[in-house]
Amino acid sequence: MFAFVVYGMIKGLPGGLLQERDKRAKWNGIPTLLQKLYESSHPNSDLSHAHTFLKLLLSQLSVEAMSFVTEDRKTAQESTFPNTYTFDLFGGVDVSLTFLWRYWTEINICASVTTVNDDLVKDCLSVLYNCCICTEGVTKSLAARDDFVLFLFTLMTNKKTFLQTATLIEDILGVKKEMIQLEGIPNLSGLVQSFDQQQLANFCRILSVTISEPDVGNDDKHTLLAKNAQQKRNASPSRAEVNQVTLLSIPGFIERLCKLATRKVSEATGANFLQELEDWYTWLDNALVLDALMQMATEEPEQSSTESSDESSLATSPLRHRLPQSMKIVHEIMYKVEVLYVLCVLLMGRQRNQVHKMLAEFRLIPGLNNLFDKLIWRKYTVSNHVVHGQNENCDCSPEISFKIQFLRLLQSFSDHHENKYLLLNSQELNELSAISMKANIPEVEALVNTDRSLVCDGKKGLLTRLLTVMKREPPDSSFRFWQARAVESFLRGATSYADQMFLLKRGLLEHILFCIIDSGCTSRDVLQSYFDLLGELMKFNIDAFKRFNKYVNTPEKFQMFLTQINSSLVDSNMLVRCIVLSLDRFESQTEDVKVVEVLSECCLLSYMARVENRLSFLFRLVNIINVQTLTQENVSCLNTSLVILMLARRKAKLPFYLNALREKEYAEKYPGCLLNNFHNLLRFWQRHYLNKDKDSTCLENSSCIPFSYWKETVSVLLGSDRTSLCAIASYIDEPFMDLDRDLLED
């Protein structure tokens, strides 16, 4: 309708006046071309003429879109992209849509031979995509039309227009206010099953938007208080969770993703591969653009449906052989980034166990292990280890993204799940069994139950390969954070002595201590990941503390270690918790000669054994958080403070610690401040954890303290009887009492 009105306005203008106005406004003839395009769009008109006019318009819009892509995607403004603005102003978007609707009507309703050919449809889609790139208003208006979005999904059945359709959908979904529901797409299962492997990989870019929880972009919304309130309001599954379930119901979907993630690529790269990668990547916007490049490189006849559905056809087609070898690799890497992302999100969802079972069955981990040296972590010399922008940590690099996504997948796969042993090979599993036998302890049940036909092949498992590259990584590498997180996830859960010794024998503890003490690392994220990993590696393990003391063998080294811990207790508190828990256990094992020896010699255990040091940590842990600022990142500080008090309660020293907190308040001239804050934190703790099975299980497994004792200790601390020496209220003088305010409801 809008296009018709604009057309009427243009038609009413005298030709000379329109040309004069066009020249003065620098419209570059776009209104005239749109007038001719509209006249050629009627049912009985010759669409070959319409296509000619559309291609002329597309050529002008493409120049602006390409400049936008190559200029770091700056904010689009009317003055920056005048052709796109003029095209939209005079109804060009609506005219383009009329051709698409006509195509769909003829195919689906009239069941007739369409007069709109595939090339015209492709160019209409390209026009719309170019407008979306340069003009955000166009993208938002299209995203608001649910019928149009669903219509685009139906266009994906046409292989000739697939790339253009997928590109446009991805752009539109990126700004859509409400997440689309996949179950609303007509015949989604049939659509996905019709894709060849190349199309499925591209479709993962779209899926990533539909299965990920939206980022609210506001720090306040990330607090646990806000998240808990949101969960109360939205008791039913989110759209992202529903979409995940929808995907998992598609026959063969996960199996095909596993094949995509693990298929191999020819490795005959030239010496200048990284330079080639940089040159290409300066203007290639995404994997879909790479596909378009490949599509333009040849005009080969379309392969048969049988051939195109074969996953190996992408690697063996003549087209692939005509591309530079480096481009083949980048192309495959960018596909794998999308596939691994989708698998990672599904692994973290509510259907985690179902996904885990399928990933194990389809041998994802052994497949990635076989790719590790050849593709995921290929070897470079120092001279050519340069990526986009001369910065190896640049997130723009496809290889950087691929490595990080791979590490995130490993972290999600191993975290608190018995399938983590699939990261080892048969020989390494035997080594774990031998460690348990030598220590005269039973094997972990998950290890015994591991299906050895599904573990890694070759001389090294995936975990061992990761340790090898981790120790070679430069000190300032951004990969260190993700590598440490992936290895830590293997140790998380119930503490396994055999797992710890497996890693200790490979020099992991010494490597971590070098990074913390000697490498000069200043990244808070990297240091936090190493503190957490060190905590899991040393917890309850007397051999680890003995190794620690051997490495930290001078007062200067120990002081540097303490300085790093104290520089940010939010980052290091999990390590503090590990030391406190380990010390408590070792003090109950005084009949063991080795334990007594290490207790007397280890500088770290001796430091934590002094009550003034434990109290110092407790003061700071309680003081650096409050209910309003609690997040998933810092709630561990609250739990660490609770561990210190639970262990004190076991030894009947809880009143001593609470009184020390009171004295600290008065010494700092803030009576009631610390204890009121702690009281509120514990009230929040009850609401947060008593309704969360997973969180409570994690607390119990990581501390070896029954969750019932956690709950009981919190109840005792929150007791209202002011005569109780174990109740916080007993240590707050009446004038400073502030326990009745319900900050949890603010």
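Here are the numbers for the structure shown:
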{"read-out": "Solvent-accessible surface (1.4 angstrom probe) belonging to T723, in square angstrom, nearest 10", "value": "110"}
{"read-out": "Trypsin sites (Lys or Arg not before Pro) restricted to the stretch 614-716 and DSSP loop, no more than 12 other C-beta within 10 Å", "value": "K651, K669"}
{"read-out": "For q = 0.15 Å⁻¹, Debye-computed log10 I/I(0) when each Cα of the stretch 551-631 counts as one equal scatterer", "value": "-0.62"}
{"read-out": "Rounded to whole Hz, the Karplus (6.51, -1.76, 1.60) HN-Hα couplings of the stretch 400-409, x for glycine and proline", "value": "4, 4, 5, 5, 5, 5, 4, 5, 5, 5"}
{"read-out": "Ratio of Rg to Rh over the stretch 90-201 (Cα coordinates, Kirkwood Rh, two decimals)", "value": "0.94"}
{"read-out": "With all protein chains modelled, accessible area of W377 [1.4 Å, Å²]", "value": "20"}
{"read-out": "3J(HN,Hα) from dihedral phi, the stretch 468-483, Karplus parametrisation 6.51/-1.76/1.60, rounded to Hz, x for glycine, proline", "value": "4, 6, 4, 6, 8, 5, x, x, 9, 5, 6, 5, 4, 4, 6, 4"}
{"read-out": "Separation of alpha-carbon centers, the stretch 543-606 and the stretch 696-728, rounded to whole Å", "value": "26"}
{"read-out": "Rounded accessible area of C698 (nearest 10 Å², 1.4 Å probe)", "value": "30"}
{"read-out": "Accessible area in the full protein assembly, largest first, 1.4 Å probe, for S414, S616", "value": "S616, S414"}
{"read-out": "Per-selection Rg to Rh, the stretch 469-590 - Cα, Kirkwood hydrodynamic radius", "value": "0.93"}
{"read-out": "Entries of K176/K227; K23/K55; K264/K539; K55/K259 with Cα pairs more than 30 Å apart", "value": "K264/K539; K55/K259"}
{"read-out": "10 °C / 1.306 mPa s Stokes-Einstein diffusion coefficient of the stretch 402-471, Kirkwood radius on C-alpha pairs, µm²/s", "value": "122"}
{"read-out": "Kirkwood hydrodynamic radius of the stretch 142-222, Cα pairs, Å", "value": "13.4"}
{"read-out": "Probe 1.4 Å, all protein chains present, accessible-area order of C704, C124, largest first", "value": "C704, C124"}
{"read-out": "Diffusion constant of the stretch 502-549 at 20 °C, which comes from Stokes-Einstein with the Kirkwood Cα-pair radius and 1.002 mPa s, µm²/s", "value": "195"}
{"read-out": "Accessible surface of the stretch 505-599, 1.4 Å probe, proportion on carbon and sulfur as whole %", "value": "53"}
{"read-out": "Accessible area in square angstrom per residue, the stretch 400-514, 1.4 angstrom probe", "value": "38"}
{"read-out": "Value of D in µm² per second that Stokes-Einstein yields for the stretch 606-700, Kirkwood Rh from Cα pairs, at 10 °C (1.306 mPa s)", "value": "113"}
{"read-out": "Lys/Arg +1, Asp/Glu -1 at C-beta; the stretch 504-622 dipole; positive extreme among F561, I516, L618", "value": "I516"}
{"read-out": "For the stretch 674-691, Karplus couplings with θ = phi - 60° (6.51, -1.76, 1.60), whole Hz, Gly/Pro x", "value": "5, 6, 4, 4, 5, 4, 5, 4, 6, 5, 5, 4, 4, 5, 6, 8, 6, 10"}
{"read-out": "Where the stretch 662-740 is the region considered: accessible area per residue in Å², 1.4 Å probe", "value": "51"}
{"read-out": "For the stretch 554-681, with +1 on Lys and Arg beta carbons and -1 on Asp and Glu, the positive-most of Y666, N634, L645 along the dipole", "value": "Y666"}
{"read-out": "Accessible area in the full protein assembly, largest first, 1.4 Å probe, for E443, E536", "value": "E443, E536"}
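The values are calculated or read from the model by the stated rules, or taken from the named source; none is laboratory data. Just so we're clear, the structure is a prediction, and the values are computed from it rather than from any experiment. Heads up, the Cβs are rebuilt from the backbone with ideal geometry, glycines too, and the neighbour counts pull from every protein chain shown. Ligands, DNA and RNA are stripped out before the accessible areas are found, and what is left, the full protein with its side chains, is counted by its heavy atoms. Shrake-Rupley method; radii C 1.70, N 1.55, O 1.52, S 1.80 Å.
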